[in-house]
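For reference, the structure is listed below as structure tokens.
The values are calculated or read from the model by the stated rules, or taken from the named source; none is laboratory data. As the structure is a computational prediction, the values presented were derived from the model and not from experiment. In this analysis, Cβ positions are derived from the backbone assuming ideal geometry, glycine residues included, and neighbour counts consider all displayed protein chains. Note: accessible area is taken over every heavy atom of the protein model, side chains too, but ligands, DNA and RNA are not part of it. Shrake-Rupley method; radii C 1.70, N 1.55, O 1.52, S 1.80 Å.
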Amino acid sequence: MAARRLKDNALTIYSILSLVVIAIPLLHIIATTLINGAQSLTPEFFTSLPKPPGEEGGGVANAIQGTAILVALTMLISVPAALLTAIYLSEFPESRLRDLIRLLNDTFMGTPSIVAGVFAYTLLVTKFGFSALAGAFALSVLAVPMMVKTMEEALKLVPTDIREAGLSLGIRHWRVVTSIVLRTAMPAIASGVLLTVARISGETAPLLFTAFGNPNFATGILEPVSALPLMIYVYAISPYPDWHRKAWGASLVLMIAVLTINLITKYKLRRR
Amino acid sequence: MAGHATDKIVVRNLNAWYGDFQALKNINLSIKKNTITAILGPSGCGKSTFIRCLNRLHELRSDAKIEGEILLDGKSVFNMDPVEVRRKIGMVFQRPNPFPTMSIYDNVAIGLKLNGVRDKKALDRVVEDSLKKAALWDEVKDKLNMPGTSLSGGQQQRLCIARAIATNPEVILFDEPTSALDPISAVKIEDLLVDLKGNYTVVIVTHNIQQAGRVSDYVAFFWMGELVEFGKTAEVFENPKEELTEAYLTGRIG
Ligand SMILES: Nc1ncnc2c1ncn2[C@@H]1O[C@H](COP(=O)(O)OP(=O)(O)OP(=O)(O)O)[C@@H](O)[C@H]1O
Ligand SMILES: [Mg+2]
């Protein structure tokens, strides 16, 4: 009895300790970012372009614009591609190519993000130069496999009964898929898309030699653009204290954005 | 033999497989127009497989195989577009399965909407008419925009019946429609089945011998993939020809 209680207590203490070991660094990161970043978050920070190196002041509006463009473009490319693939995998089980596509998808999912950047560089940048489009393409190489996976899971969660009920009404297969199965899976699909947005919006490596960075606003998708993670990277390794503060500020913005997306996903989309 | 004039569905030498497993063995029977035919038998004897052959759902399983002849009004269903077959032969499932993201209204209207009916008035009329036929109208007429899944189990099953009726089929298949319901809801559905046979030909799978006795005109008794006995319900129940049928009806097997 006593030995048993001792073992229980030891286990409890061990669990609490591990929790602390995991939680402390996490809270530390959040707290440090908050403390160092909060002071930078002035209106100017969000609305102005950066000042030349060494000068105080200015903002990161170009990076915010760039990240918005990159994320939007990436979704424009990858959501339709991933959705079609997921539908093919989940709703056409007799298709032969299925195993090959799965294998390819899993391989791509393990691709290091820097490789996605190199891939986009050799394919697009060497011919058309640095651009938002090349950046979005690199990000799509990461986003599509993630979304194919979550979307396929989402579709698989729709009960067979629902498909058969649709078919038994004399509705054609593709219409059952687009109007009934997709509709039923939509909350789970949307949450997969949002989580992917959260994942890719902080990616730096694929953008280094694709989107490249831009000290001004971009006026088209065929130009280089800045992005928050790129800006953080450049500012953090610079010698200027003001840039260090801005890098913290940008980190805080990115962290809050990702956190918001995660919370929306958790509380708005999971419920049904 | 072209089949009797009142034969709605004629099944000849029907065999069905899941992979190597033969679930139906040489089934022959005719389903008469505007009657209720009950498919009776113990669990796993092939009842669901049988009715899923009739509306060509069985063949959707990747390892499924089917052989033989199924005639609807004298025409082979295997020569028809499956979509066409399923418009004529509707189905209600064992567990109520309204479309989860759709309102009560849309659940009933969806079959027509997806087949191109746009006219709002016509849709309204069909929705009301189908819900009335499914004895659900009075309970839901004030909340047609609520989700279909907000209804009780029995109401959901009647909603599924309304959904099946809305596309105006000629035959409706029911796969144990009351087995997931409480006794009162079950009685409502049974009454409904009897009302339906004026306009439709009904085939109902059931485990429940009393239910088959109450609602059906004909009964088919299945046993391990074979059709053991088929005939008028009253005759089969009072005077079973086969030893197996009698044993099942008296509860000695099953
Ligand atoms: N998808 C499947 N794959 C393999 N075998 C199956 C499959 N579905 C059914 N079977 C087998 O086929 C036989 C008939 O199944 P079926 O579902 O038609 O029985 P049932 O009479 O409807 O039973 P229940 O009353 O339990 O619903 C059973 O032995 C079952 O194990
Ligand atoms: Mg069954």
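Which trypsin sites (Lys or Arg not before Pro) from the stretch B:36-130 combine a DSSP loop assignment with at most 10 other Cβ atoms within 10 Å? Walk me through the numbers on the way to the answer.
Details: sites: B:47, B:52, B:56, B:61, B:65, B:75, B:86, B:87, B:88, B:113, B:118, B:120, B:121, B:125; in loops: B:56, B:61, B:118.
Sites meeting the loop and neighbour criteria: B:118.
So with the 1.4 Å probe, I'd like the accessible area per residue for the stretch A:44-271, rounded to whole Å². Walk me through the intermediate numbers first.
Values: 10750 Å² over 228 residues.
Normalised by residue count, the accessible surface of the stretch A:44-271 is 47 Å².
What size of dipole, in debye to the nearest 20, comes out for chain B about its Cα centre when the only charges are +1 on Lys and Arg C-beta atoms and -1 on Asp and Glu C-beta atoms?
720
If you bin the C-alpha pair distances of the protein assembly as shown every 20 Å from 0, what whole percents do you get?
Values per bin, smallest distances first: 18, 36, 27, 16, 2, 0.
Mind checking Rg over Rh on the stretch B:91-177, alpha carbons, Kirkwood formula for Rh?
0.93
Would you kindly derive the ³J(HN,Hα) couplings of the stretch B:45-58 from the backbone phi angles with the Karplus curve 6.51 cos²θ - 1.76 cosθ + 1.60 (θ = phi - 60°), listing them in order in whole Hz, with x for Gly and Pro?
7, x, 4, 5, 4, 4, 6, 6, 6, 4, 9, 6, 7, 3
Taking every pair of alpha-carbon atoms in the stretch A:115-220, what share in percent sits in each 5 Å bin, from 0 to the bin with the longest distance?
Calculated over all Cα pairs of the stretch A:115-220, the distribution is 2, 12, 17, 14, 12, 10, 9, 9, 7, 5, 2, 0 percent.
Which percent, to the nearest 5, of DSSP beta bridges fully inside the protein assembly as shown are antiparallel?
Percentage antiparallel, nearest 5: 60.
Of A:195, A:90, A:138, which is farthest on the positive side of the dipole of the stretch A:44-271, counting Cα position, with +1 on Lys and Arg Cβ, -1 on Asp and Glu Cβ, and the Cα centre as origin?
Farthest towards the positive end: A:90.
Run the 1.4 Å probe and let me know the accessible area of residue A:244, rounded to the nearest 10 Å².
Surface open to solvent at residue A:244 totals about 70 Å².
Residues with amide H under 5 Å of residue B:201's amide H, sequence separation 5 or more or different chain, H placed in the peptide plane at 1.01 Å from N; which?
B:34, B:171, B:172
Which of A:161, A:99, A:242 moves the most in a Gaussian network model of chain A with Cα springs under 10 Å?
A:161
Accessible area drop of at least 40 Å² (1.4 Å probe, protein heavy atoms): which residues of the stretch B:81-127 qualify, relative to the chain alone?
B:83, B:86, B:93, B:97, B:99, B:100, B:101, B:102, B:114
Binned at 10 Å from 0, what are the whole-percent values of the Cα-Cα distance distribution for the stretch B:83-128, short to long?
In whole percents, the pair-distance histogram is 23, 51, 25, 1.
Considering only protein heavy atoms and a probe of 1.4 Å, how much of the accessible area of the protein assembly as shown is carbon and sulfur, as a whole percent?
Answer for the protein assembly as shown is 61 percent, counting heavy atoms of protein chains only.
Which value, in square angstrom to the nearest 100, describes the accessible area buried between chains A and B on both sides, using a 1.4 angstrom probe?
Using a 1.4 Å probe on protein heavy atoms, the buried area is about 2000 Å².
Calculate the length of the line joining the C-alpha centroid of the stretch A:31-68 to that of the stretch B:41-82, in whole Å.
67
Over the whole of A:169-177, what's the average partner chain Cβ count within 10 Å per residue? Rounded to a whole number, please.
On the way: counts 15, 17, 10, 5, 3, 0, 5, 1, 0.
Neighbouring Cβ atoms belonging to other protein chains average 6 per residue here.
Please find, in a Gaussian network model of chain A (springs between Cα atoms separated by less than 10 Å), the residue of A:129, A:54, A:66 whose mean-square fluctuation is greatest.
A:54
Say each of residue B:76 and residue A:92 gets a label point 7 Å from the Cα, pointing the same way as Cα to Cβ; how far apart are those two points in nm?
2.8
Using +1 on the beta carbon of Lys and Arg, -1 on that of Asp and Glu, and nothing else charged, what's the dipole of the stretch A:44-271 about the Cα centre, debye to 20?
580
Distance in nm between label sites at residue B:120 and residue A:264, each 7 Å beyond Cα in the beta-carbon direction?
Label at residue B:120, label at residue A:264, 3.1 nm between them.
Using the C-alpha gyration tensor of the stretch B:1-123, what are the square roots of 5 times its eigenvalues, in whole angstrom, with the largest one first?
Working: eigenvalues 161, 73, 41 Å².
Values for the stretch B:1-123, descending: 28, 19, 14 Å.
Quick check: net charge around residue B:32, other residues with Cβ under 15 Å of its Cβ, Lys/Arg +1 and Asp/Glu -1?
-1
Roughly speaking, what % of Cα-Cα pairs in chain B are separated by over 31 Å, rounded to a whole number?
So the pairs more than 31 Å apart make up 24 percent of the total in chain B.
Hey, if you put +1 on the Cβ of every Lys and Arg and -1 on every Asp and Glu Cβ in the protein assembly as shown, which of B:51, B:186, A:16 ends up farthest toward the positive end of that dipole?
The Cα lying farthest towards the positive end belongs to A:16.
Please determine, in degrees from 0 to 90 and to the nearest 10, the orientation of helix B:153-166 with respect to the longest principal axis defined by the Cα atoms of chain B, where the helix direction is its Cα long axis.
90
Divide, for chain A, the radius of gyration over alpha carbons by 2.2 N^0.38 Å, where N is the residue count.
1.23
Each residue of the stretch A:66-80 in turn: what ³J(HN,Hα) in whole Hz from Karplus with 6.51, -1.76, 1.60 and θ = phi - 60°, glycine and Pro shown as x?
Result, rounded to whole Hz: x, 5, 4, 4, 4, 5, 4, 4, 4, 5, 4, 6, 8, 4, x.
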